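Visitor: Can you read through this structure? Questions will come right after.
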Amino acid sequence: MDLLTIGAFARASGLSPKALRLYDGLGLLRPARVDPDTGYRYYAVAQLDRARLVAWLRRLGMPLAGIRAVSALDGADAAREVRAYWARVEAETAVRRDLAEFLAQELTEAPRGETTMLELRCAAHSDRGHVRPANQDTVYAGRRLLAVADGFGPAGAPASGAAVEALRFLDDGAEPRPGSVLNLLADAVRGAGEAVRDVTEGAGDVGTTLTALLWTGSRLALVHIGDSRAYLLRGGELFRITQDHSVVQSLLDEGRLTPAEAESHPQRSLLLKALGAGVPSDPELRLREARPGDRYLLCSDGLTGVVPDDRIRELLAEAPDPETAVRSLTDAANAAGGPDNVSCVVGDTVPSAG
């Protein structure tokens, strides 16, 4: 067996001797031989491929636990794990990018002076559908707050109601400052999680999604957890501005499912995040700049599960006002069979009349 000293192996693999000693201690990359007298490490030439893989994954920023998992897999499975890791990085980076852009604007913008003042005009509607015995969704459309929650489990309706009720205080009092609104919303969602746990008594099969927008007069703060969705209609184009926190969405992101396969996947309703239900509850939080003429839609999956995005765009674009929009969308879901509760909240940003 051809052996290399630790120095020669480090140069050939792209890993430093210090890193090789660390990986030896962690059991990630053991030397082929350790001199019993000097303790000096020697590596086999055949170990270079594994060492180079470790070096590349470290450059990618993968944590050591992930590297250990990838290193134990064969080519195709290892490749899938790398793609899955990078999909998670991109999702996390997108959230941080939006926050960084907001902070940069807050730090560099001059006072706005004469600007067009905007306000929200909104409507909400929720329907049991044609199949479910009860409606477990809760919606809210107020002066500044829009929210939809889709409860599930034996006490799904109390869970969704508690989550939305815990946010309603945001609609009262003084308008929140853009610089503090994300912290305010994060605190409110923590309170919503506690309210859900109280009404469900910690049951592991009960919980709710929550998607909400809070208006600050110039920006909208978004909070999202679960598989309810938020969309933006701007300039006739529809943009989905949330990512489902579901098993199927994670498989799509990782390239393990096609969109066609996802539509009929048996775990379509299995959530990775929710309020309650014994799953993680850390929400997605971000800020969005508002423009005159924007139309926002918050909806439960009773709509998106049966009405394609192209049809949602058409109905949103055709509706002259939010009330007509929520009714048209609900009717479309029921016309497609209404297999689930369907809930919609639509908010338009328009010039203020004040």
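Visitor: Projecting each Cα onto the charge dipole of the range 262-354 (Lys/Arg +1, Asp/Glu -1 at the beta carbon, about the Cα centre), which of Ala290, Val350, Thr324 comes out farthest on the positive side?
Guide: So the residue we want is Ala290.
Visitor: Here is a follow-up. Going 7 Å from the Cα of Phe169 toward and past its Cβ, which residues in the range 200-227 have a backbone nitrogen under 20 Å from where you end up?
Guide: 200, 210-216, 221-224
Visitor: What percent of all Cα-Cα pairs in the range 174-243 falls in each 5 Å bin, counting up from 0?
Guide: For the range 174-243, the binned pair fractions read 3, 14, 19, 20, 18, 13, 7, 4, 1, 0 percent.
Visitor: With N denoting the number of residues in the range 228-325, provide Rg(C-alpha) divided by 2.2 N^0.38 Å, to two decimal places. Numbers along the way, then the final one.
Guide: Working: Rg = 15.0 Å, N = 98, 2.2 N^0.38 = 12.6 Å.
For the range 228-325, the normalised Cα radius of gyration comes out at 1.19.
Visitor: Let me ask something else. Along the charge dipole of the chain, pointing to its positive end and built from +1/-1 on Cβ of Lys, Arg, Asp and Glu, which listed residue (Gly305, Phe239, Gly156) has its Cα farthest out?
Guide: Working it through, the farthest residue towards the positive pole turns out to be Phe239.
Visitor: Then there is this: Only Lys, Arg, Asp and Glu count, each charged at its Cβ (+1, +1, -1, -1), so figure out the dipole size of the chain about its Cα centre, rounded to 20 debye.
Guide: Numbers: 40 positive and 49 negative charges, 282 e Å.
Using only the charged Cβ atoms, the result is roughly 1360 debye.
Visitor: Going toward the positive end of the dipole of the chain, with +1 on Lys and Arg Cβ and -1 on Asp and Glu Cβ, which of Thr216, Tyr40, Ala65 do you reach last?
Guide: Going by the charge dipole, the pick is Tyr40.
Visitor: Quick one: how many Å² of Cys122 are accessible to a 1.4 Å probe, rounded to 10?
Guide: Answer for Cys122: close to 40 Å² accessible.
Visitor: Please work out the FRET efficiency for the pair Ala335 and Ala12, using the Cβ-Cβ distance as r and a Förster radius of 56 Å; give the result to the nearest 0.05.
Guide: Numbers: r = 66 Å, r/R0 = 1.17.
In this case the efficiency is close to 0.30.
Visitor: Hey, in the GNM for the chain with a 10 angstrom Cα cutoff, which one of Ala274, Ala163, Ala51 fluctuates hardest?
Guide: Residue with maximal mean-square fluctuation among Ala274, Ala163, Ala51: Ala51.
Visitor: With n ≥ 4 as the cut-off for DSSP H runs, can you work out [θ] at 222 nm for the chain, using -39500 (n - 2.57) per run divided by the number of residues, rounded to the nearest 500? Don't skip to the answer; put the middle values down first.
Guide: Numbers: 12 runs with 142 residues, N = 354.
That comes out to -12500 deg cm²/dmol.
Visitor: What are the radius of gyration and Dmax of the range 250-296, computed over its Cα atoms and given in Å?
Guide: 15.6, 41
Visitor: Working from the pairwise distances between different alpha carbons, so that the mean of 1/r is found and then inverted, what is the chain's Kirkwood radius in Å?
Guide: Computed over the chain, the radius equals 23.0 Å.
Visitor: In Å and from the alpha-carbon atoms only, list the Rg and Dmax of the range 117-247.
Guide: 15.0, 45
Visitor: Same structure, new question: For His224, His125, His130, give the ranking by accessible area with the largest first, probe 1.4 Å.
Guide: Values: His224 0, His125 35, His130 120 Å².
The ranking, largest first, comes out as His130, His125, His224.
Visitor: With N set to the number of residues, divide the alpha-carbon radius of gyration of the range 32-80 by 2.2 N^0.38 Å and report two decimals. Mind dumping the intermediate values first?
Guide: Working: Rg = 13.4 Å, N = 49, 2.2 N^0.38 = 9.7 Å.
Against the compact-globule rule of thumb, the ratio is 1.39.
Visitor: Largest first and in whole Å, what are the equivalent-ellipsoid semi-axes of the range 144-210 based on the Cα gyration tensor, each being the root of 5 times an eigenvalue?
Guide: Values: eigenvalues 120, 23, 15 Å².
After diagonalising the Cα gyration tensor, the semi-axes are 25, 11, 9 Å.
Visitor: Based on the alpha carbon coordinates of the range 291-337, what radius of gyration and maximum Cα-Cα distance (Dmax) apply, in Å?
Guide: When restricted to the Cα atoms of the range 291-337, Rg and Dmax are 10.4, 35 Å.
Visitor: Using a 1.4 Å probe and ignoring any ligands, DNA or RNA, find the accessible area of Lys273 and quote it in Å² to the nearest 10.
Guide: Looks like 50 Å² after rounding.
Visitor: What is the gain in length, in nm to one decimal, between Arg88 and Asp35 on full extension, counting 0.36 nm per residue of separation less the C-alpha to C-alpha distance?
Guide: Values: separation 53, 0.36 × 53 = 19.08 nm, distance 4.19 nm.
Here the answer is 14.9 nm.
Visitor: A further question follows. Within the chain, what whole-number % of the accessible surface is contributed by carbon and sulfur, with the 1.4 Å probe and all protein chains included in the calculation? Intermediate results must be reported in sequence, preceding the final value.
Guide: Working: 8950 of 17380 Å².
C and S atoms contribute 51 percent here.
The values are calculated or read from the model by the stated rules, or taken from the named source; none is laboratory data. Just so it is clear, the structure is predicted and the values come from calculations on it, not from any experiment. Please note: Cβ atoms are built from the backbone with ideal geometry, for glycine as well, and neighbour counts cover all protein chains shown. The protein model used for the area step is the full one, side chains on, heavy atoms only, and it has no ligands, DNA or RNA in it. Shrake-Rupley method; radii C 1.70, N 1.55, O 1.52, S 1.80 Å.
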